[in-house]
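Working notes, beginning with the structure itself.
None of the figures in this text is laboratory data; all of them are computed from the coordinates on show. Computed from a predicted structure; not experimentally measured. Neighbour counts are summed over all protein chains in view; Cβ atoms, including those assigned to glycine, are modelled from backbone coordinates with ideal geometry.
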Amino acid sequence: MAINKETDKYEKDFTPKTANRKISRPMVIFVTIVILLAGLGIAGYFIYQGSFYYQTDNAKVDTMIYQLTANANGQLLRLYVSQGDEVKAGQVLAQVENGPYLRSPVEGTVTDVKMQKGNYVVASDIILVVAKTSDMYITANVEETNILKIQMGQSVSVSLDAYGRSFDGYVDDVNTVTSTKLTGSASSFTTSGTYTKVTQLIPIKIKLLENVDLANIIGTNATVKIRIK
């Protein structure tokens, strides 16, 4: 019996003090209400964002790129520019034997030089590449299911990965043709009797309001958030 009493005493000594503590009904109600309000707040935020904004990270810094090819077969006699040089529209860039001067089609920057003076070239060879850095923008690809929500002039917040921050902008142009049609790439359409539906993308052009230097980050990633209402 003594052992039992000692055991009982031992167990009583180590019984948690909170074992007999009761949680009050008002406390349970309060916690439940807080959780419900938090859930409603989060749901409301996402509903608001989905109703008033369209966001995508399928976007990049972009501009027109021109690959200038040799205009005749022969030796590359002169190369007047180097990579990184800024050029004017109509400026002479190179001269190929038996051919006219090679001129820049736009105001921009020489982003790549493929050939060197003295090289023998044929008419299909790319001599150099010029980017139209005088007209930089952001290209975003919008799903066909959302494209009717996008209109010219809508305000946009553009987050540039290269800068690690956001800039204000606006929708400058909305294309009327899908990306697959513009690039000539394959789509889901087939005449073989089988068909897999693929959501098509339509490119839009976004301009920044600030004078941000984008010339050295062509092709880098961006995330755009467009105010649609």
Considering segment 68-89 alone, what residues qualify as being touching an Asp or Glu at 6+ places or on another chain (Cβ under 9 Å) and either without any contact (Cβ under 8 Å) to a residue 24 or more places away in the chain or assigned to a strand (DSSP E or B) (or both)? 69, 74, 75, 76, 77, 86, 87, 88, 89
Of all residues in segment 90-107, which are touching a residue at least 24 places away in the same chain (Cβ under 8 Å) and in a loop (DSSP other than H, G, I, E, B)? 97, 98, 99, 100, 104, 105, 106, 107
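What tally of residues in segment 196-229 results from selecting those that are surrounded by 13 or more Cβ atoms within 10 Å (Cβ to Cβ) and either more than 16 Å from residue 154 (Cα to Cα) or in contact with a Phe, Trp or Tyr (Cβ under 7 Å, 6 or more places away or on another chain) (or both)? Quick ask: steps written out before the conclusion?
So in segment 196-229, the residues surrounded by 13 or more Cβ atoms within 10 Å (Cβ to Cβ) come out as 200-208, 212, 214-215, 217-218, 220-228.
Still in the list and also either more than 16 Å from residue 154 (Cα to Cα) or in contact with a Phe, Trp or Tyr (Cβ under 7 Å, 6 or more places away or on another chain) (or both): 200-202, 205-208, 212, 214-215, 217-218, 220-222, 225-228.
Final tally of qualifying residues: 19.
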Considering only segment 96-106, state which residues are buried (at least 20 other Cβ atoms within 10 Å of the Cβ) and under 12 Å from residue 71 (Cα atoms). 96, 102
